[in-house]
Amino acid sequence: MNKKLISVLVSACFISMVVAQQSKNIVGAGKTVDPYHYKIVKIATFNKACVASAHPLASEVGLAILQQGGNGFDAMIATQLTLAVVYPGAGNIGGGGFLMARKKDGTQIALDYREMAPAKSTRDMYLDKAGNPQNALSESGHLSAGVPGTVAGLFATAKYAKLPFATLIQPAIDIAANGFVISAEEAEGLNENRKDFQQYSTRPTALVKAQPWKAGDTLVQPELAATLQRIKDNGAKGFYEGETAQLIVAEMNRGNGFITLDDLKNYTAKERKAVSFNYRGYNIISFPPPSSGGILLAQMLKMIEKYPVKSYGFQSPQSVQLMIEAERRAYADRATHMGDPDFWKVPQETLISDAYLAERMKDYSPNKASVSKEIKAGTIHESDQTTHISIIDAEGNMVAVTTTLNGSYGSRTVVGGAGFILNDEMDDFSIKPGVPNMYGAVGGEANAIVAGKRMLSSMTPTLVLQNGKPFMVVGTPGGTTIPTSVFQSIVNVIDFNMNAADAVNSPKFHHQWLPDEVMIENNFSVSTKLALEKMGYKLRNIGTIGRTELIKILPNGKREVAADIRGNDSVAGY
Ligand code: DON
C-alpha cells in the first residue's frame, strides 16, 4: 500500500464522534451500542465472527446481535435495518438488494429482493412525444421509484436466522426514535441534497432542518421509527399493506408516481441459483441475473486466468491492460445479453463457458488498446447509492449483502408520514436502447422496461471458498464499477497475495465498454497511466471508486476484516 493511503487510513481509524448526550444502551443487557459516541475501525482480526458495513453503528449492532446468540443472518438483518436509519443515503427500507450467503452446511442462498417496475410502467414511460429520453424523470422523484424489495428480503432472510425479528429490528427503532450523531460526510450529504428533498418530497422531512447540518448534530427520525414499529408489529405486512402502504400510495398520488397498493401487496423476494465457477483453484460464488455482477465477475476472472498475472506485477501496465480488455469485453456482453431472467433468456452458461471466453479474447493484443466500436457483444449460439455488508459468524455462515437506493439518497422522495426515502432504481432499466443511464451504461431489449420486471443491476455480493472452506466475503457499492472492484479485490488477494486492507484500499480502475475510456482513482499509478496512454487508452480520473468491505479467513481460522477507507465504513467483531 502506498504511503498516502497509510496516512489516510491511520487518521481515519479512530475518529470519535463525541457530543454532550447521554449514552444509551440500545441492545439489551451488557451489549452497549451508543449512538452518540462511536468510532470508526478500519481493520481488525477477530477470532470468531465479524461484520463490515458502511457505518460503525450498523456494524456494532451486528456484533451485539452475534454476541446475543444470533448467527450471520440475524446480524445481517439487524445491520441492514440499522443502516436504513444511520445511513439514509443508501441504507434503506425503500430500496432493494441481493443476499449471497453460504450456510455452514454448504447450502448456497441467492436471495433477490430487487425492486420491480410498477404495473403501470411502460417501455417508453421516460420518453417525450418526440422520443427523447427524459433522464430527470427516471433519476429523481416519484416516477423514478421501483416497488421496494428490502423488507420482503429481510423477512425472507429471517427463515435462516435464530432470533425473533422483534429483537433484530429494535436497535433500528431506538436509534430512529432517539437519534444518533451524524458524521461530517453525512452532514455534507444531507446539505447537498436539501433542495432535492424539498423539491421531490411533498411533505416536510426530518432530513431537512432550518439550519444546515454539521458534524455532531443529532438526527432524530420519529416517522421512520413509527414505520419500523409497524414492521415489528405486523411483519412484512407492516410495510406492504396497511398504514405504510397507504402512506406510500398517498405520496405517489401527490407526486404522480406509479406505485399502487396492488404493486406493494404483490411484491415477493425470489430465490435464485448462484453463479458458481473456479478461478485458480478457488471456488467463487456470486449473484446471478437480475444482477449482471456474477456473470461479469466470472467472465473477467476467466478471461485473465490463463495469463501469468502475478508475474506481470501489481498494477503494472501489462496486468492492468489485460484486465481492462477483459472488462471491456464482459461489459459489451452486459449491454446486449443481460436482463431480468423472468423476462429475458440470459445465455448464462454460454457467457461464462471456457470456449466462449477464449473466443472473446482472440482479438486481444498485448500493448495495444482495443476499440469498443469494434468489440461488439459476443454471438450466442443457443436457443451511486448503494451499500454492502460482509459478515462471517462463529459457525462459518458467510453472508454478503449489497443493497441500494440507486443514486445517493435515491429519488430524494421521502414518503410523507413514513419517514423513509424511495429508490430511483427505474433508471437502471434501459429507458431507450443505446441511451446511457446515470452510470453511463447502455442497454437494449434485454433490459427494456416491462411492468413487473426487475431492472438489471451490477451488484456483486460474492463469496470465495478455498478447498471447499470459507475464504473471502466481499462486495461494494459503485454502480457499474461494482463488478470491476470486486474483480480487482479478488485478483489482489488471489494473484497478489494481499491482506484484506491492501486488497480493498489499493487504487481501482474501471472500463465498461462504453464510454471507451478507463476510469481511474486519484491515487492510480502515474507511470502505469502514462504507459497505458502510449498504448492508445484514454484515462479519466473519477475521484474514488467503490466502498468495499472484505473479510479474509486466514489459515488459522481467524477473520481478517477491512472496511474501505473511502467512507465512514467500519468493522466490528469478536
Ligand atoms: O443495482 C445497481 O447496479 C445500481 N443501482 C447500484 C448503484 C450504486 O452502486 C450506487 N453507489 N454508489
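Read-outs throughout are calculated quantities, based only on the coordinates presented, and are distinct from any laboratory measurement. Keep in mind it's a predicted model, so treat the numbers as computed, not measured. Neighbour counts are summed over all protein chains in view; Cβ atoms, including those assigned to glycine, are modelled from backbone coordinates with ideal geometry.
Place a label point 7 angstrom from the Cα of K265 along the Cα-to-Cβ direction, then list the residues of the stretch 237-251 whose backbone nitrogen is under 11 Å away.
Label zone hits: 241-242.
Which FRET efficiency value, to the nearest 0.05, do you get for E192 and A355 by plugging their Cβ-Cβ distance into 1/(1 + (r/R0)^6) with R0 = 56 Å?
The formula returns an efficiency of 0.70 here.
With r defined as the distance between the Cβ atoms of E533 and Y574 and R0 fixed at 60 Å, what FRET efficiency is calculated, to the nearest 0.05?
E between E533 and Y574, to the nearest 0.05, is 0.80.
Within a 10 angstrom radius of the beta carbon, how do H388, H337 rank from fewest other beta carbons to most?
H337, H388
Sorted by average packing, counted as other Cβ atoms within 10 angstrom per residue and highest first, what order do 285-292, 362-369 take?
285-292, 362-369
Just want the answer: with Cβ charges of +1 for Lys and Arg and -1 for Asp and Glu, which residue in C50, M472, Q318 is farthest toward the dipole's positive end in the chain?
With unit charges placed on the Cβ atoms, the residue in question is Q318.
Suppose each label sits 7 Å from its Cα in the direction of the beta carbon; what would the T122-D363 distance come out to in nanometres?
Rounded to a tenth, the inter-label distance reads 3.9 nm.
Q466 to N497: extension gain in nm, 0.36 nm per residue of separation minus the Cα-Cα distance?
Full extension from Q466 to N497 adds 9.8 nm.
Which ³J(HN,Hα) values, rounded to whole Hz and listed in residue order, are derived for the stretch 402-408 from phi using the Karplus coefficients 6.51, -1.76 and 1.60 in 6.51 cos²θ - 1.76 cosθ + 1.60 with θ = phi - 60°, glycine and proline given as x?
Each residue of the stretch 402-408 in turn: 10, 9, 8, 9, 6, x, 4 Hz.
Let me check I have the definition right: for the stretch 505-574, take the eigenvalues of the Cα gyration tensor, multiply each by 5, take square roots. What are those semi-axes in whole Å, largest first?
Rounded to whole Å, the semi-axes are 32, 13, 11.
Which whole-Hz couplings ³J(HN,Hα) result when phi for each residue of the stretch 562-574 is put into the Karplus expression 6.51 cos²θ - 1.76 cosθ + 1.60, θ = phi - 60°, listed in order with x for Gly and Pro?
So the Karplus estimates, Gly and Pro as x, are 10, 9, 4, 6, 6, x, 7, 3, 8, 10, 8, x, 8 Hz.
So, in nm, how far is label A184 from label K345 when the simple model puts each one 7 Å beyond its Cα toward the Cβ?
In this crude spin-label approximation the distance works out to 5.6 nm.
Using the Kirkwood radius over C-alpha pairs as Rh, can you work out the diffusion coefficient of the chain via Stokes-Einstein at 25 °C, viscosity 0.890 mPa s, in µm² per second?
This corresponds to a translational diffusion coefficient of 105 µm²/s.
So if I place +1 on the C-beta of Lys and Arg and -1 on the C-beta of Asp and Glu, and nothing else carries charge, what would the dipole magnitude of the chain be about its Cα centre? I want it in debye, nearest 20.
The calculation lands at about 840 debye.
Would you mind ranking E185, E425 so that the residue whose beta carbon has the fewest other beta carbons within 10 Å leads the list?
Least to most surrounded, the residues fall as E185, E425.
Work out the FRET efficiency for R203 and K104 from their Cβ-Cβ distance, taking R0 = 35 Å, and round it to the nearest 0.05.
Taking R0 as 35 Å, the efficiency between R203 and K104 is 0.15.
Projected onto the charge dipole of the chain (+1 at Lys/Arg Cβ, -1 at Asp/Glu Cβ, origin at the Cα centre), which of G146, G407, Q199 gives the Cα projection farthest towards the positive end?
G407
For K362, list the lysines whose Cα falls under 28 Å from its own Cα; do not include residues on the same chain fewer than 8 positions away.
The qualifying lysines are K302, K306, K310, K345, K373, K376, K508, K529, K534, K538.
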